[in-house]
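Chemist: Take this structure first; my questions come after.
The values are calculated or read from the model by the stated rules, or taken from the named source; none is laboratory data. Keep in mind the model is a prediction, meaning the values are calculated, not measured. So basically every Cβ, Gly included, is an ideal-geometry build from the backbone, and we count neighbours across all protein chains shown.
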Amino acid sequence: MFDAAFPISRRQLLQGGAVTTIACAASGAAQLPAASGPTVSVREFGAVSAPGRDNTAAIQRAVDAVQARGGGTVHIPEVYECGNIIVSGNGVTLHGPGAWLVNGRVTVLERSDGCRIDGLGIIDRRGDRESYALDISGRNCTLRNVSLVKEPVAGGYLFYLRQPSAFCRSTGLRLKGSSNGMMVAGRDHLFEQFEFESSMSERVGADDAFALKGLGNSTQNIVIRDGTVRGFYAIASFGSEIGTDGRSSNFQGAVRNVSVSNVAADRCRSLVYFKPGALIYDWRNGLVEDVRLDNLTLVDLAGELFLFGVKMNAARGAVIRNVVGRNLAIRARAKSQGVQHSAAVELVLFEQGAEARIEGIDLQIAFTDPYDGADHSAAAPGYPIDHIVRIEKSGSRKGQMSNISLDVTGRGSRFGGVLIGAGLDDAVTLRRAHLVRVGRNPPASLGGGGIWSDSRVTLGDVSVDSPVLPRFAGSALRQNGQ
């Protein structure tokens, strides 16, 4: 139990509904199967739950004691202030349902195999953006009902899963109080039954819940399923740091074979964001391939953060290919209007560096504006999105798209329904596009249509209802006699 004299009391640790949820989940965590080897308590090695007491050395002695005997369990029964605890051996279990490490960190080194963390909470009270709670480079790590918190909110990551890591499994992970959730690299990882909550604070921003990186190497075979995220930029991002960081190389950093399924996004900016080579960083020649998205939802009725559903931007020689999305659903308003383009689906090639490619994209997505695309008002908070679908090159001759197939239903937009730019002949098939109340208030300078295309496009089952615009427009559709 919590020491009544401890400076971070039970009341302080549990303040706020989300923190209460995290703490209660930790205290009621299901235990892992019994580990082999000895069981020791950190109390035996001098750990004391008391104000201002640094227990780093005592907890480390407990960990070292079981490591010296080939593995075992370290019982952490209370709340302890500490620093960085290092796990370097095999078969070490940190058992702490209901316990918290205050301002602590657990680092699992690359040579470690079979580390398990059961029910432990780590809370950072320093307000430091650069601090984080968990750092894993080892193999076969298992996390069960682990809670990671920054309170007060400070931004940054809470969890790093590094490139050497492999075969790590997390069930019931809870994160709160940072703008980034966790960085994911390595291979053969599973995350399930998670709950991530970002700060939703303009001061620290809102970034990605799962940031998948390919830092000069391959990150692959990742499963993310059955969870919720709140207040992030995206459920998952396929990040800027994929490929090589400006150096010549004989290999290609990649993220491949990723499944994201059954995840609910609450007030997030995007469902998923693919961005290899597209940002200001000098990462190049990145590859994202073989991604499956199933049963993802996003709700942001008041437009607190939302701007995009599925967003793919590529540049600097990057390739995005073989992405399938099924049962993707968004019910939202946009956060802003005229500041940044907004769409339920955005695919854009940028001009920086070598030509990039987006190919083999097959998406089924439904977008609904709860106010049918009405202008911003007290009765209709947030803003209508610009387009349901936007597919373009930032320069008409640079980069390639091919085999883009969309099944999209959309209700409510400002500029139009589907926009396909120049230089993309035969790249896009709209196998189904049912669009209602689109293009409600397009600027006169834009022109427009429910579906506008300046490239040859294949149209399947298409219906368009717009109070202002014709069904079809754009040079290619006019040439085809649409």
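Chemist: Take Asp124 and tell me if it is buried (at least 19 other Cβ atoms within 10 Å of the Cβ), more than 18 Å from Ala185 (Cβ to Cβ), in contact with a His (Cβ under 7 Å, 6 or more places away or on another chain) and of a type in the set (Asp, Glu). Step through it out loud before you land on a result.
Modeler: Numbers: buried (at least 19 other Cβ atoms within 10 Å of the Cβ): yes; more than 18 Å from Ala185 (Cβ to Cβ): yes; in contact with a His (Cβ under 7 Å, 6 or more places away or on another chain): no; of a type in the set (Asp, Glu): yes.
Judged against the criteria, Asp124 is not a match.
Chemist: Separate question: When the residues of the range 130-180 are filtered to those that are under 18 Å from the mean Cα position of the chain (by Cα), assigned to a strand (DSSP E or B) and of a type in the set (Ser, Thr, Tyr), which remaining residue is farthest from Val223 (Cα to Cα)?
Modeler: Here the residue is Ser178.
Chemist: Turning to a different aspect of this structure: How many of the residues in the range 213-231 are of a type outside the set (Lys, Arg), surrounded by fewer than 20 Cβ atoms within 10 Å (Cβ to Cβ) and more than 14 Å from Gly243 (Cα to Cα)?
Modeler: 4
Conditions (1) outside any strand (DSSP E or B); (2) at positive phi, marked per residue:
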| position | (1), (2) |
| --- | --- |
| Ala329 | no, no |
| Ala354 | yes, no |
| Asp372 | yes, yes |
| Ile388 | no, no |
| Gly410 | no, no |
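For every residue, the table says whether it meets (1) touching a Lys or Arg at 6+ places or on another chain (Cβ under 8 Å); (2) closer than 25 Å to Pro164 by Cα; (3) among the small types (Gly, Ala, Ser).
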position	(1), (2), (3)
Gly37	yes, no, yes
Val42	no, no, no
Ile59	no, no, no
Val79	no, no, no
Asn84	yes, yes, no
Gly104	no, yes, yes
Arg125	no, no, no
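Chemist: Sort out which residues of the range 67-92 are touching a residue at least 60 places away in the same chain (Cβ under 8 Å) and not in a loop (DSSP other than H, G, I, E, B), and write them in order of number. Show your work before the answer.
Modeler: Taking the range 67-92 as the starting set, the residues that turn out to be touching a residue at least 60 places away in the same chain (Cβ under 8 Å) are 78-79.
Selection gives Val79 alone.
Chemist: Which numbered condition trips up Ser270, out of (1) closer than 28 Å to Glu130 by Cα; (2) out of contact with any Cys (no Cβ under 7 Å at 6 or more places or on another chain); (3) at pLDDT below 95; (4) assigned to a loop (DSSP other than H, G, I, E, B)?
Modeler: For Ser270, the failing item is (3).
Chemist: A further question on this structure: Please identify the pairs in which a residue from the range 241-258 that is closer than 19 Å to Leu279 by Cβ and polar (S, T, N, Q) has its Cβ atom under 6 Å from the Cβ atom of a residue that is part of a strand (DSSP E or B) and modelled with pLDDT of 90 or more, counting only partners at least 6 apart or on another chain.
Modeler: Sorted first by the residue in the range 241-258, then by its partner, the pairs are Gln252/Leu287.
Chemist: Restricted to the range 127-155, and to residues that are over 15 Å from Thr56 (Cβ atoms) and of a type in the set (A, V, I, L, M), which residue is surrounded by the fewest Cβ atoms within 10 Å (Cβ to Cβ)?
Modeler: The selected residue is Val153.
Chemist: Given Glu241, Glu304, which one is surrounded by fewer than 24 Cβ atoms within 10 Å (Cβ to Cβ), under 30 Å from Ala379 (Cα atoms), modelled with pLDDT under 95 and in contact with a Gly (Cβ under 9 Å, 6 or more places away or on another chain)? Walk me through it before giving the result.
Modeler: Values: Glu241 fails: under 30 Å from Ala379 (Cα atoms).
The unique qualifying residue is Glu304.
Chemist: Find all pairs meeting these conditions: Cβ atoms under 7 angstrom apart; at least six residues apart or on different chains; first residue within the range 438-463 and closer than 22 Å to Gly423 by Cα; second residue of a type in the set (D, E, K, R) and modelled with pLDDT under 95.
Modeler: Gly449/Arg471; Gly450/Arg471; Ile451/Arg471
Chemist: Another question, then. Quick test of your reading of the structure: Ala265 fulfils all but one of (1) part of a strand (DSSP E or B); (2) over 15 Å from the mean Cα position of the chain (by Cα). Name the failing condition by number.
Modeler: So the condition that Ala265 fails would be (2).
Chemist: Related question: Mind telling me which of the residues Ala278, Ala315, Ala332 ends up being touching a Leu at 6+ places or on another chain (Cβ under 8 Å), surrounded by 23 or more Cβ atoms within 10 Å (Cβ to Cβ) and within 25 Å of Leu215 (Cα to Cα)?
Modeler: Values: Ala278 fails: touching a Leu at 6+ places or on another chain (Cβ under 8 Å); Ala332 fails: within 25 Å of Leu215 (Cα to Cα).
Of Ala278, Ala315, Ala332, the one residue that is touching a Leu at 6+ places or on another chain (Cβ under 8 Å), surrounded by 23 or more Cβ atoms within 10 Å (Cβ to Cβ) and within 25 Å of Leu215 (Cα to Cα) is Ala315.
Chemist: State whether one or more residues within the range 112-120 are out of contact with any Cys (no Cβ under 6 Å at 6 or more places or on another chain), free of Cβ contacts under 8 Å to residues at least 12 places away in the same chain and in a loop (DSSP other than H, G, I, E, B). Outline the logic, then answer.
Modeler: Of the residues in the range 112-120, the ones out of contact with any Cys (no Cβ under 6 Å at 6 or more places or on another chain) are 112-114, 116-120.
Adding the requirement that they be free of Cβ contacts under 8 Å to residues at least 12 places away in the same chain leaves none.
Checking the range 112-120: not a single residue is out of contact with any Cys (no Cβ under 6 Å at 6 or more places or on another chain), free of Cβ contacts under 8 Å to residues at least 12 places away in the same chain and in a loop (DSSP other than H, G, I, E, B).
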